1. Assuming Glu120 fulfils every condition listed in (1) more than 19 Å from the chain's Cα centre (by Cα); (2) acidic (Asp, Glu); (3) in a helix (DSSP H, G or I) apart from one, which condition is it?
2. So is Asn152 within 21 Å of Tyr54 (Cβ to Cβ) and at pLDDT 95 or above or not?
3. I'd like the full set of residues that are in a loop (DSSP other than H, G, I, E, B), buried (at least 19 other Cβ atoms within 10 Å of the Cβ) and either among the aliphatic types (A, V, I, L, M) or out of contact with any helix residue (DSSP H, G or I) (no Cβ under 9 Å at 6 or more places or on another chain) (or both), limited to segment 38-78.
4. Consider Leu27 carefully, then state whether it is part of a loop (DSSP other than H, G, I, E, B), touching a residue at least 40 places away in the same chain (Cβ under 8 Å), under 11 Å from Gly83 (Cα atoms) and in contact with a His (Cβ under 7 Å, 6 or more places away or on another chain).
5. What are the pairs, 6+ residues apart or on separate chains, where a residue within segment 128-145 that is closer than 16 Å to Val163 by Cβ has its Cβ under 7 Å from a residue that is of a type in the set (Ser, Thr, Tyr) and assigned to a strand (DSSP E or B)?
6. Starting from segment 171-196, take each residue that is touching a residue at least 12 places away in the same chain (Cβ under 8 Å) and closer than 24 Å to Ile131 by Cα and list its partners that are part of a loop (DSSP other than H, G, I, E, B) and basic (Lys, Arg), counting only C-beta distances under 7 angstrom and pairs at least six apart or across chains.
7. Which one is nearest to Arg170 (Cα to Cα), of the residues in segment 203-217 that are in contact (Cβ under 8 Å) with a residue 40 or more places away in the chain and part of a loop (DSSP other than H, G, I, E, B)?
8. For Ala188, work out the one condition from (1) in contact with a helix residue (DSSP H, G or I) (Cβ under 8 Å, 6 or more places away or on another chain); (2) in a helix (DSSP H, G or I); (3) hydrophobic (A, V, I, L, M, F, W, C) it doesn't fulfil.
Amino acid sequence: MSKKRRNYLFGPVPSRRLGASLGVDLLPHKTCTLDCVYCECGDTTDLTLCRKEYVPVQDILMELGEVLQEGPALDYVTIAGSGEPLLHSRIGEIIDWIKNHFPHYNLAVLTNGTLLQHQEVRTQLNRADLIIPSLDAVTETLFQKINRPHCNLDCREIISGLVQFRREYRGMICLEIFIIPGMNDTPAELEEMRQVISSIKPDRLQLNTLDRTGTEDWVEPAAADELKKCSIMLGGGEIIAGYKPRKIKNKKADSV
């Protein structure tokens, strides 16, 4: 693959979940709807709900075309990066372009799920093969402490958006929960989380914890036995922290 410097693509990188992944970053660093205490990208400098064309779509597509036409060995093209990709108002056009021009590549989108409450956003994701939304808290108090959201976000509405997205979306949903010891690993919180997961009905559930330094230095990684306990209390989930698990396959039958 060409070594030319790219502005919006990174990798391919070896992903713990997705295998060989070519990343696509649609936002300036660090533009997000949340300012999570554990974020390994650092503090959110632009905490916003404003959807717009943050970086030019034509420039992104030009870079994608240059790379993908070389036929790299990829497991996924992954829209992710250093912020919340669903803030880019034309993400649907980017997804459609990839699926129209390079349909043999699987396409994943990593998102914090906060904008899935909006019909327009959900519709734009229809052609993606895999969506990996995160959900770290299901009570408003803990949501505020862990995710430090934009003031106009409501935890209940976010959960409702995830539930509605599952009803509409025909691809694979892998729900990720980031475990922070002493916060969202209590029996009461995990039981509420288990009930919410049951209503969302993701194809797979994955538990993660701190791997590199987070935004706040008091955030500690959960121990292996703690993650296992959380997995059991949530009804079963793959633990992806600390080792490389099998990559996600592009079929819904491969469930937790």
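The values are calculated or read from the model by the stated rules, or taken from the named source; none is laboratory data. Just so you know, these numbers come straight off a predicted model, no measurement behind them. All Cβ positions, even for glycine, are placed from backbone atoms using ideal geometry, and neighbour counts span all protein chains on display.
1. Checking Glu120 against (1) more than 19 Å from the chain's Cα centre (by Cα); (2) acidic (Asp, Glu); (3) in a helix (DSSP H, G or I), the one that fails is (1).
2. Working: within 21 Å of Tyr54 (Cβ to Cβ): yes; at pLDDT 95 or above: yes.
In short, yes.
3. Cys39, Thr44, Leu74, Asp75, listed by residue number.
4. Numbers: part of a loop (DSSP other than H, G, I, E, B): yes; touching a residue at least 40 places away in the same chain (Cβ under 8 Å): yes; under 11 Å from Gly83 (Cα atoms): yes; in contact with a His (Cβ under 7 Å, 6 or more places away or on another chain): yes.
Answer is yes for this residue.
5. If the second residue must be of a type in the set (Ser, Thr, Tyr) and assigned to a strand (DSSP E or B), the pairs left are Ile131/Thr111; Pro133/Thr111.
6. The qualifying pairs are Met172/Lys252.
7. Initial filter on segment 203-217 (in contact (Cβ under 8 Å) with a residue 40 or more places away in the chain): 203-206, 210-216.
Narrowing the set further to residues that are part of a loop (DSSP other than H, G, I, E, B) leaves 203, 210-216.
Values: Asp203: 11, Leu210: 31, Asp211: 31, Arg212: 33, Thr213: 35, Gly214: 34, Thr215: 35, Glu216: 37 Å.
Going through the qualifying residues, I end up with Asp203.
8. (1)
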